[in-house]
Each structure stands twice: as structure tokens, then as C-alpha cells.
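**Q** Take a look at this one; I'll ask things after.
The values are calculated or read from the model by the stated rules, or taken from the named source; none is laboratory data. Small disclaimer: the values here were computed from a predicted structure and weren't measured. Positions of Cβ are backbone-derived with ideal geometry, glycine not excepted, and every protein chain shown enters the neighbour counts. Keep in mind that these areas ignore ligands, DNA and RNA; they rest on the heavy atoms of the full protein, side chains included. Shrake-Rupley method; radii C 1.70, N 1.55, O 1.52, S 1.80 Å.
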Amino acid sequence: AISKLDNLSNSSESDVKSILIKLAQKDEKSSVRGNAIEKLGKLFNDEDLLEIYKNASNDKSYEVSAQALTTLYEKNAEMGFEEAKQFEGDSSSAMLNALLRIFSASGSDAENNFFIEKERFFNSYGKYSYAQLYGKYLLGRSDSVINSGLPLLEKTYLNSSIWWVRLVTLQAID
């Protein structure tokens, strides 16, 4: 039902926002909380929602936390990036993918160790998004960072039996 909330009239906007906030904060199902956060981010640009996203980034569900971080980053890149830094130790796939997206878009040379250390958490299919995002991250980095990342991408290319993982890795190297 949340996914159908795209066309709102002005009169229903505040009601929908209130309902989505309540769902994002209190629903027992993590999928509902995550979907509510995602929809809030798509429908509203209100500054007061940033605190809701920030609080939800500490949700007990990694899916909800990852969605909240992603939405926070989309609404306020600086705040989202700073919030993401505290989750560098996590190893859930949802959180790692959110962090890779955030760090590939806004990271500096300092995030390279994160990419290198977290590569081992991605299985054969997960290597696709990892290689794609690491390649994006390496664009515009210092020569030393690029040179430290190329062997990792080369290893992924040479060791993957999945052709599309090899393709995206080759594109990242190129």
C-alpha cells in the first residue's frame, strides 16, 4: 500500500506524512518501516525528517538502518556521510551496500581501506555491485589509492566464474 502513495493532493499531504512517520518509527514489521522511510524520502523534502532518518539508522533491522542512511544521504549528503561513518564496522550485506554507495559518491582517499577490507564480505553475485561501486569510488582518487585498488579488481576479474561480474570489473578497471 505504501508504494501506491505517489500522487497526493495538498489536503492529504500532511495526513500521509504523519502516517508514514508513525509507520517508520513504530511498525513492528521492518519491511514496513523501511518502505515508510523510503516513501517519506521520495515524497517530502522537509528538514524535520532528517532527524527521523538519523534515528532510524540505528534501527534493530539492518534493512531499515540501510534505507534510513541512504535516504538521509540523499536528503543531506554531509549529514548522511557523517552518519554512515559510524557503521563502518558492520558486515551485513544491506548495510555494506548502503555504505559502498555513500562512500563511492562522497568518499575521499581515506575510505579506500574500507573498500579493501570489506571486499571479503561479498560473494560471487555480490561482487557485481562491489566492483561497480569500487570502480566508481576510484575515479578521481590519488594515484596511490588507484594503484592499491587495481590488484583487488584484477583478482576479482580473474577469479570470478560469472561473466557479468568479470564484465563490470573490467569496466571498473578501464
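**Q** Does N97 satisfy the condition of being farther than 18 Å from V168 by Cα, polar (S, T, N, Q) and either part of a helix (DSSP H, G or I) or open to solvent by less than 20 Å² (accessible area, probe 1.4 Å) (or both)?
**A** When the stated conditions are applied, N97 does not pass them.
**Q** When the residues of the range 85-94 are filtered to those that are assigned to a helix (DSSP H, G or I) and either open to solvent by less than 50 Å² (accessible area, probe 1.4 Å) or hydroxyl-bearing (S, T, Y) (or both), which remaining residue is farthest from Y125 (Cα to Cα)?
**A** Checked the range 85-94; the qualifying residue farthest from Y125 (Cα to Cα) is A94.
**Q** Just to verify a result, which residue in the range 129-143, among those that are assigned to a helix (DSSP H, G or I) and open to solvent by 80 Å² or more (accessible area, probe 1.4 Å), is farthest from S93 (Cα to Cα)? Don't jump to the end; show me each part of the working.
**A** Applying the first criterion (assigned to a helix (DSSP H, G or I)) to the range 129-143 yields 129-138, 143.
Next, from what is left, pick out any that are open to solvent by 80 Å² or more (accessible area, probe 1.4 Å): 132, 136, 143.
Numbers: Q132: 15, K136: 19, D143: 29 Å.
So, considering only residues that are assigned to a helix (DSSP H, G or I) and open to solvent by 80 Å² or more (accessible area, probe 1.4 Å), the one farthest from S93 (Cα to Cα) is D143.
**Q** Scan the range 148-174 for residues that are surrounded by 14 or more Cβ atoms within 10 Å (Cβ to Cβ) and outside any loop (DSSP other than H, G, I, E, B) and report the count. Give the steps one after another, and end with the answer.
**A** Looking only at the range 148-174, we keep the residues that are surrounded by 14 or more Cβ atoms within 10 Å (Cβ to Cβ), and these are 148-149, 152-153, 156-157, 160, 165-170, 172-173.
Narrowing further to those that are outside any loop (DSSP other than H, G, I, E, B): 148-149, 152-153, 156-157, 165-170, 172-173.
Qualifying residue count for the region: 14.
**Q** Going by the conditions given, is V32 modelled with pLDDT of 95 or more and farther than 15 Å from M95 by Cβ?
**A** Answer is yes for this residue.
**Q** Quick one: which of S65, S14 is in a helix (DSSP H, G or I), open to solvent by 50 Å² or more (accessible area, probe 1.4 Å) and polar (S, T, N, Q)?
**A** Going through S65, S14 in turn, just one is in a helix (DSSP H, G or I), open to solvent by 50 Å² or more (accessible area, probe 1.4 Å) and polar (S, T, N, Q): S14.
**Q** Continuing with the same structure: Looking for something farther than 18 Å from Y137 by Cα, within 13 Å of the chain's Cα centre (by Cα), β-branched (V, I, T) and not in a loop (DSSP other than H, G, I, E, B) - is there at least one such residue anywhere in the range 68-77?
**A** Checked against the condition, which is being farther than 18 Å from Y137 by Cα, within 13 Å of the chain's Cα centre (by Cα), β-branched (V, I, T) and not in a loop (DSSP other than H, G, I, E, B), the range 68-77 yields at least one hit.
**Q** Continuing with the same structure: Taking the conditions exactly as written (at pLDDT 95 or above and of a type outside the set (F, W, Y)), does I146 satisfy them or not?
**A** When the stated conditions are applied, I146 passes them.
**Q** When the range 109-125 is examined, which residues are found to be under 20 Å from D174 (Cα atoms) and open to solvent by 20 Å² or more (accessible area, probe 1.4 Å)?
**A** Of everything in the range 109-125, those that are under 20 Å from D174 (Cα atoms) and open to solvent by 20 Å² or more (accessible area, probe 1.4 Å) turn out to be D109, I116.
**Q** Same structure, new question: Provide a single number: the residues in the range 42-62 that are surrounded by fewer than 21 Cβ atoms within 10 Å (Cβ to Cβ) and among the small types (G, A, S).
**A** 1
**Q** Output the qualifying pairs, or none if there are none: Cβ atoms under 6 angstrom, residues six or more apart or on different chains, first residue in the range 80-109 and in contact (Cβ under 8 Å) with a residue 24 or more places away in the chain, second residue surrounded by fewer than 18 Cβ atoms within 10 Å (Cβ to Cβ) and part of a loop (DSSP other than H, G, I, E, B).
**A** D109/R141; D109/S142
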